[in-house]
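This report refers to the structure that appears directly beneath it.
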Amino acid sequence: MDRFYITTPIYYVNDVPHLGHAYCTVNADALARWHRLIGDETLFLTGTDEHGAKVADSAALNGVTPGEWTDRTSSRFQEAWKGLEISNDDFLRTTEARHSATVQDFLQKIYDNGFIRIDKYKGLYCVGCEDYYTEDQLNSGNCPVHGRPVVEMEEDNYFFELSKFEDRLIEWYEKNPTAIRPGTKRNEALSFIKGGLKDVSITRTSLTWGIPVPWDERHVFYVWYDALINYLTALGYGSENNEVAKWWPHVHHLIGKEIIRFHCVWWPAMCMAAGVEPPANIFVHGWLLVGGQKLSKSMASEDTGPVKLTEITPASLTEDFGIDAVRYHLLRDVPLGTDGEFSIEGMTLRYNADLANNLGNLVSRVATVVGSKCGGIAPSPDEHSPLAAAARDAVTESGEAWERFAPHEALEATWRLIGAANAELERTEPWKAEAGSVDDVLGSAVEAVRIVTILASPALPAICAEIWRRFGFAGTLQNQHLPADGLWGAGQGGQSVEKGEPLFPRRTSGS
Ligand code: MSP
């Protein structure tokens, strides 16, 4: 048994959760579920990033204190994740006492180790990014991410001596060639490091909504410095329940491509400065786009054409298509590592093709024919069925794909088994045969459904639990583990199979 610790970035609470956030969280969830399925001891962390100027500004705009604002907005994320069947083991809010304790402890260590100094800071700041930019990084004077004007700021700041870590970071990434995936993102981080690192300002005096600097209480930590440490807070770093040694070597950070510099440059250097091994697995995903643009909060109030972005919240989509269908679309249609377009039309096509036609059809056909030809009792599988090899391939190939952080390929492999099972039924046409003469074919079809249900469960947890119940498979779906329960013949038949309503009623576009 292995361990698997997976994290999402912690989300800013300046607005409501949108589909871009859901994309990352659903992928992390499916990966966590897969690892539980293969018997790994798994820890899945997500949470909210609640300090900084952006949040303080949003609270002021809404006429409430930052504390009231973050209570309200953080709970929206927790609700959104419940609404998507997210199985996180912990939800960390950076305003929790356990987090400030860890942050103060961790940064005090960096200070004591001599990597923090005080200096004046003057720069061009984007409140949207909570980050400074140099002139040449701007787009006609505007922030390259938000397209809004930056403001000039000057303050007394403590600086983290990032410049001292250039060589150590290069050495770390050379020794750990898969620490950042995909390779293109590794190259991006490495060329940034090789381009020369400047020390970074890590505290603010212009703001009170943050974690106080333990050696100088006039300052609070800059939000990114406090936020990154969340990954260690959840492990009880510096506390009595310290589980860093247990989990940290198994950490996997799933992050979006615009926060590479923070996670792949700053964070490993901070770890080195505090005497902690840098994270060994960072996977960078692309953006979910609508009409070619990044779906984001700042766009959420604009009408950008035929689809109003504000209307496609995760909750409105799940209400319309069902939770698992939304999860499936996010996992299947936007491969981790590249950008992908979201549209209601694309979602509808995928729903009809893969869910209604392939999976839904297989399940209802098998249940119906077992009802009419076998008295509703599942026969046992045929060990010589061509589906046995198809099932073996699906288990192996999907396992390899999840391992590579390629949920879309894992699902493709699973759907190949669904396709093979449907084709086998069409070839043998058991519905036309005499009762009793097609037990082998139907027993094998039931066995294929069992294995498909296990393999698809990280993506479609609720639907798969329902299929498991209808087919009367032994034990609970949650207690199935691979490889043993994925073997052909691990299901022996003999149980009653119930028909039930269609799992995925067909849809017309936009309906
Ligand atoms: N609070 C910081 C992260 C701190 S982690 C120590 C932050 N928050 S964020 O809410 O702006 O973004 C969180 C994550 O959501 C990022 O990884 C970002 O890439 C992701 N997404 C936001 N919009 C997205 C899309 N449209 N598509 C896919 N993911 C995107 O940055």
Among the residues of region 203-219, write down those that are more than 13 Å from GLU130 (Cα to Cα), away from the ligand (no atom under 16 Å from the Cβ) and within 31 Å of the chain's Cα centre (by Cα). PRO212
Residues to consider are ALA410, ALA356, ALA421, ALA394; find the one that is surrounded by fewer than 21 Cβ atoms within 10 Å (Cβ to Cβ) and assigned to a helix (DSSP H, G or I). ALA356
Expected output for region 80-97 (first residue touching a residue at least 60 places away in the same chain (Cβ under 8 Å), partner surrounded by fewer than 16 Cβ atoms within 10 Å (Cβ to Cβ) and aliphatic (A, V, I, L, M), Cβ below 9 Å, 6+ apart or cross-chain) is GLU85/ALA462
May I ask you to list the residues in region 1-31 that are in a strand (DSSP E or B), more than 9 Å from the ligand (Cβ to nearest atom) and surrounded by fewer than 24 Cβ atoms within 10 Å (Cβ to Cβ)? ARG3, PHE4
Do we find a residue being at pLDDT 95 or above, under 17 Å from THR102 (Cβ atoms) and of a type in the set (A, V, I, L, M, F, W, C) anywhere in region 275-292? yes
For region 93-138, the count of residues that are at pLDDT below 90 and of a type in the set (S, T, N, Q) equals 2
Looking at region 173-184, I want the residues that are farther than 16 Å from LEU336 by Cα and have a partner that is exposed (fewer than 15 other Cβ atoms within 10 Å of the Cβ) and among the basic types (Lys, Arg) with Cβ atoms under 7 Å, at least 6 apart or on another chain. Which pairs are those? none
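Residue-by-condition table, conditions (1) within 14 Å of the ligand (Cβ to nearest atom); (2) farther than 30 Å from PHE165 by Cα; (3) not β-branched (Val, Ile, Thr):
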{"residue": "ASP40", "(1), (2), (3)": "no, yes, yes"}
{"residue": "GLY63", "(1), (2), (3)": "no, yes, yes"}
{"residue": "THR73", "(1), (2), (3)": "yes, yes, no"}
{"residue": "ASN113", "(1), (2), (3)": "no, no, yes"}
How many residues are surrounded by 22 or more Cβ atoms within 10 Å (Cβ to Cβ) and over 18 Å from TYR11 (Cα atoms) when one looks only at region 88-104? 1
Does VAL55 satisfy the condition of being within 15 Å of the ligand (Cβ to nearest atom), closer than 18 Å to LEU207 by Cβ and part of a helix (DSSP H, G or I)? yes
From the set of residues in region 42-51 that are more than 18 Å from LYS82 (Cα to Cα) and within 16 Å of the ligand (Cβ to nearest atom), which is surrounded by the fewest Cβ atoms within 10 Å (Cβ to Cβ)? ASP49
Scanning region 54-83 for residues that are among the basic types (Lys, Arg) and either surrounded by 14 or more Cβ atoms within 10 Å (Cβ to Cβ) or modelled with pLDDT of 95 or more (or both) gives LYS54, ARG76, LYS82
Suppose we filter region 221-275 for residues that are assigned to a helix (DSSP H, G or I), farther than 28 Å from ARG117 by Cβ and within 15 Å of the ligand (Cβ to nearest atom); how many remain? 2
So ILE86 clears everything in (1) farther than 21 Å from HIS329 by Cα; (2) at pLDDT 95 or above; (3) away from the ligand (no atom under 13 Å from the Cβ) except one condition, right? Which one? (1)
Flagged in region 148-177 as surrounded by 13 or more Cβ atoms within 10 Å (Cβ to Cβ) and over 26 Å from ILE110 (Cα atoms), in numbering order, are ARG148, VAL150
Would you call ALA406 touching a Pro at 6+ places or on another chain (Cβ under 9 Å), within 17 Å of ASP354 (Cα to Cα) and among the small types (Gly, Ala, Ser)? no
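The values are calculated or read from the model by the stated rules, or taken from the named source; none is laboratory data. None of these values were measured; they are calculated from a predicted model. A quick note on method: Cβ atoms are made from the backbone with ideal geometry, for glycine too, and the neighbour counts reach across all protein chains shown.
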